[in-house]
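This report concerns only the one structure given below.
What follows is calculated from the coordinates using simple rules that are stated; it is not laboratory data. Just so it is clear, the structure is predicted and the values come from calculations on it, not from any experiment. All Cβ positions, glycine included, derive from the backbone under ideal geometry; neighbour counts span all protein chains shown.
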Amino acid sequence: MESVRADTVGTAHDGDALAVRGCQLEDVAPAAVLDAAVRDRPWTAWAGPEETVAATGAAATITATDGDRFERVRRQAAALFADRDVQSSLPTFARPRLFGGFAFHDGDGGHHPEADWTGFPDANFHLPAVSVVERDGRTWLTTAAVGPDAESTAETALDRWREKLADASPPTTSPPGIRIRSEIPDRDAWIAQVEAAVDRIDRGDLLKVVLAGAQTVDLAGSLSAPAALGRLGETYPDCYRFGFAPGNTDAGTFFGATPERLLRRDGRRVQTAALAGSTGRGDTQAEDEWLAEELAESRKDTHEHALVVDAIREQLDDFAESVETGERTVRQLATVQHLQTPIEATLATDVHVLSLVEALHPTPAVGGLPPDEALAAIRDAEAFDRGWYAAPVGWFDAAGDGEFAVGIRSALARDRAATLFAGAGIVADSDPDAEWDEIQLKYRPVLDALR
Ligand SMILES: C=C(O[C@H]1C=CC=C(C(=O)O)[C@@H]1O)C(=O)O
């Protein structure tokens, strides 16, 4: 079948053109595309509820390394898209988008050898040179280029990649296999940390703090990120699967499968959810149901969850004409169950998705309350740098629409090692042993994809 081609060209103030070329592809598996894409850095993998994206190279890169990072990314993106006719004849999902993420903490997270975040700035976004998007049963290849030869660069790349993908096949790599090297903190230190946090909550200094651990594993073989993401897709199809390998060749690869949407903005409509409060899965259906019921009735978990719902509502209120909270349910994932409440807002004005990300991050599902005291407690307690763990990852476009997930159930991999991250919300009634068991469950998605 003849593929459809479409294009767009626009010229910015600086005279450099942004050219975008696209065509529809037939019979290409997303995993095969990703396998071809990861041969060069930077690359990005993104799979949300509606689409799967594999992208490689950078027509443009936006980075912010200190203070005011959300605003600086927004300004640089506005300059990139300014006066360029990016609303093209391409389908909307194949339009130019910037993919990337932010670090959890504002400013330096400190240097810790256990989690070496070299190459992951406070904010880093790419307009991919090549991207393939699968959505509604259709697959589009798009190329983008900026500069004096933008049109011919994008055109040549489109032809080259079309040919390359015609015989691409999905990776068949088996999991690398692992040996757990260290847990930071170890069980005793974790228990002491949680007890200290509960003391601070009892004294009234804090309402909630989300403490995290890091688990470092040695890999027995080399890691194929596309294969690991493929396995995560089979076990966690309803989660956002993401992978980011920045351009810096010293950087690792950050990847995972997160159940937590930070938000999606589509015009004036904003969709988000509170996700907090956890329990395990049962061995039988009866045990599963019993655990779900116990979670839904638990005073500790419903309190931990309600704090997140209230904080998100409050943040959105500043921008919204209306904020609606849906029904709280128990969301079941392969290894864990969570309390979840959907929240929707209608914006009062045309607020950029990055302004909303800035307002919401970190929600008390990954930070705590009051926010500043909780962040200080996290920095004091944690002996590793969170880097991009528990931070916003996703995309935005020229119109200020976009979608961001919270980078939990994730790991940073480099060479033959990976550091996995998992956290748990600590409130007044928290039991340190139960919180330890909970973070072990939260390592499982990535752990299982590696072994
Ligand atoms: C911080 C994490 O999970 C958050 C999301 C869902 C449930 C959570 C909880 O019950 O503590 C956490 O707030 C993590 O997985 O690293």
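How far, in degrees from 0 to 90, does helix 225-235 lean away from the longest principal axis of the Cα atoms of the chain, to the nearest 10? Between the helix axis and the principal axis of the chain, the angle is about 60 degrees.
In order along region 391-408, the Karplus-derived 3J(HN,Hα) couplings, from 6.51 cos²θ - 1.76 cosθ + 1.60 at θ = phi - 60°, round to 10, x, 10, x, 8, 8, 10, 5, 7, x, 7, x, 9, 10, 10, 9, x, 9 Hz, and Gly and Pro are given as x. Given in Å, the Rg to one decimal and the Dmax to the nearest whole number for the Cα atoms of region 5-166 are 16.4, 48. For the chain, the dipole from Cβ point charges (+1 on Lys and Arg, -1 on Asp and Glu) about the Cα centre works out to 1140 debye, to the nearest 20.
Across region 178-450, the fraction of Cα-Cα pairs farther apart than 31 Å, rounded to a whole number, is 25%.
Measuring spread by the Cα atoms of region 209-330 yields a radius of gyration and Dmax of 18.4, 54 Å. Expressed as a fraction of 2.2 N^0.38 Å, the value expected for a compact globular protein of N residues, the C-alpha radius of gyration of region 139-250 is 1.73. The GluC sites (Glu not before Pro) found in region 25-105 that occupy coil by DSSP, while having at most 15 further C-beta atoms within 10 Å, are 26, 50.
With respect to the chain, whose longest principal axis is taken over its alpha-carbon atoms, helix 432-450 is tilted by about 30°.
By definition, a body whose alpha carbon gyration tensor gives a ≥ b ≥ c is prolate when a/c is 1.5 or more and a/b is larger than b/c, and region 206-277 fits this prolate description.
Counting every other Cβ atom within 10 Å of each residue's Cβ, 200, 264, 181 order from fewest to most as 181, 200, 264.
Separation of region 372-431 and region 167-194, taken as the distance between their Cα centroids, equals 16 angstrom.
Which shape class, rounded, prolate or oblate, goes with region 280-430 when its Cα gyration tensor gives a ≥ b ≥ c as root eigenvalues, a/c under 1.5 marks rounded, and past that a/b bigger than b/c marks prolate?
Since a/c reaches 1.5 but b/c is at least a/b, the shape of region 280-430 is classed as oblate.
Between residue 294 and residue 349, full extension at 0.36 nm per residue minus the direct alpha carbon distance yields a gain of 15.7 nm.
Residues in region 274-287 carry Karplus couplings, in order, of 9, 10, 6, x, 9, 8, x, 9, x, 7, 10, 4, 5, 5 Hz; the curve used is 6.51 cos²θ - 1.76 cosθ + 1.60 with θ = phi - 60°, and Gly or Pro positions show x. Among 255, 70, a tally of other beta-carbon atoms within 10 Å of each Cβ gives an order, fewest to most, of 70, 255.
The ranking of 139, 156 by Cβ neighbour count inside 10 Å, starting from the fewest, reads 156, 139. Only DSSP H runs of four or more residues enter the estimate; each adds -39500 (n - 2.57), and after division by the residues of the chain the mean residue ellipticity at 222 nm equals -9500 deg cm²/dmol.
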